[in-house]
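Please read the structure below before turning to the comments.
Nothing in this text is a laboratory measurement; each read-out follows from the coordinates by a stated rule. Note that the structure is predicted; figures quoted are calculated from it, not measured. Cβ placement follows ideal geometry from the backbone for every residue including glycine, while neighbour counts extend to all protein chains displayed.
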Amino acid sequence: MSVIYVRRSCGDIGRDVAALLGGAGVSIDGKVVLKPNLITCEKPPTTTPVDVVEALADWFMDHGCDVTVAEGSGWGDTWEAYSVLGYARLEKRGVRLVDLNVDRYEVVENEAAFVLKRFELPLTLKGAYVVSVPVLKEHSITGVTLSLKNMLGATLGEKGRVARKGRFHRMGLDECIVDVNLHIKPSLAVIDGRVAGFGGELGSKPKKLGVVIASKDLVAADAYACTLLGRNPLTVRHLVLAWKKGLGNVNLNEAKIIEI
């Protein structure tokens, strides 16, 4: 049974993160990559707040991990987003920042993929404990953009100032979301729903929900987060496809929800 951990935020994100990761039994002392959603330089809730990523970095470093924050912005410049949104300060704490749009890579293959049977895997992610750290947000095409959709940014970028991930739209967005997760296989989702984004992926309208969600099952985490946006997860196509590919369970009747 999938387990979803929900924290009603106490106002101290460090305590929230520690409670969630401790409750989930996260135990790792190696290479950790934190993947926020920095689609542009817009402030949260269009993008992941830096404080939740900072709290995660502190927790993992306190447990002996080497921590990298990695993103490949789709509608802007990744380094500009790091600077404008406060992520650059993490380097002073010993966190490495990487722009995945221009990362070195190796080609991997998976015949189970829908369309991305060959995939350029950024080497920053190879062998890492990958944590998807999205903000809880709606999306104009896929309905929601949560931990699975967030991983589209963990890919190489196309040339150009904007639409660096446009190939996924051309190839089938829902299928590509699933395929990227099949290749990367994130280990954990931490979804920041303290202030959620409504109305779309850009220029999101904030609404205070006051929750943070964690699960080792990204499909289940996203399914629960859908309900907070007033959506039935069984109507979100990429979640159903991910479930059918064995990436997790979209059926909340078969999940255990634990409030911490």
Fill in: lysines with Cα under 24 Å of residue 185, excluding same-chain neighbours fewer than 8 positions away
31, 35, 117, 126, 137, 149, 165, 216, 244, 245, 256
Worksheet item: So what's the net charge close to residue 108: Lys and Arg +1, Asp and Glu -1, counting the other residues with Cβ under 13 Å from its Cβ?
Response: -1
Worksheet item: What is the spin-label model distance, in nm, from residue 159 to residue 205 if the labels are put 7 Å beyond Cα along the C-beta direction?
Response: 4.1
Worksheet item: Near the amide H of residue 71, under 5 Å away, which other amide H atoms are found, from residues 5 or more places off or on another chain, if H is placed in the peptide plane?
Response: 98, 100
Practice prompt. Select from 218, 199, 240 the residue farthest towards the positive end of the dipole of region 190-260; place +1 on Cβ of Lys and Arg, -1 on Cβ of Asp and Glu, and compute about the Cα centre.
Written response: 199
Worksheet item: Over the chain, what lengths in whole Å, largest first, do the semi-axes of the equivalent ellipsoid take, defined as the square roots of 5 times the eigenvalues of the alpha-carbon gyration tensor?
Response: 23, 22, 19
Worksheet entry | Calculated FRET efficiency for the pair residue 79/residue 254, C-beta based, R₀ 35 Å, to 0.05 | 0.25
Worksheet item: Can you list the aspartates and glutamates whose alpha carbon is less than 20 Å from that of residue 92, not counting same-chain residues fewer than 8 positions off?
Response: 51, 54, 58, 62, 66, 71, 80
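Charges at C-beta only: +1 for Lys and Arg, -1 for Asp and Glu. How large is the resulting dipole of region 13-134 about its Cα centre, in Debye rounded to 20?
80
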Worksheet, complete the sentence: Once Lys and Arg are counted +1 and Asp and Glu -1 for all other residues with Cβ under 13 Å from that of residue 198, the total becomes +3
Practice prompt. Per residue of region 70-84, in order, report the coupling 6.51 cos²θ - 1.76 cosθ + 1.60 (Karplus, θ = phi - 60°) as ³J(HN,Hα) in whole Hz, putting x for Gly and Pro.
Written response: 10, 8, x, 4, x, 10, x, 9, 4, 5, 5, 4, 4, 6, 5
Discussion item. Quick check on the chain: helices-only [θ] at 222 nm, where DSSP H runs of length 4 and up contribute -39,500 (n - 2.57) each and the sum goes over total residues. Nearest 500, please.
Written reply: -8000 deg cm²/dmol
Worksheet entry | Nearest-20 debye value, region 2-259 charge dipole, Cβ charges on Lys, Arg, Asp, Glu | 440
Worksheet entry | Rounded to 5, percent antiparallel among DSSP beta bridges of region 2-259 | 50
Worksheet, complete the sentence: Lys and Arg at +1, Asp and Glu at -1: neighbours of residue 134 with Cβ under 10 Å from its Cβ sum to +1
Worksheet entry | Rg over Rh [alpha-carbon atoms, Kirkwood Rh] for region 1-101 | 0.98
Discussion item. Please list, in order along region 110-117, the HN-Hα scalar couplings obtained from phi with the Karplus expression 6.51 cos²θ - 1.76 cosθ + 1.60 (θ = phi - 60°), rounded to whole Hz, x for Gly and Pro.
Written reply: 8, 5, 6, 5, 5, 10, 8, 5
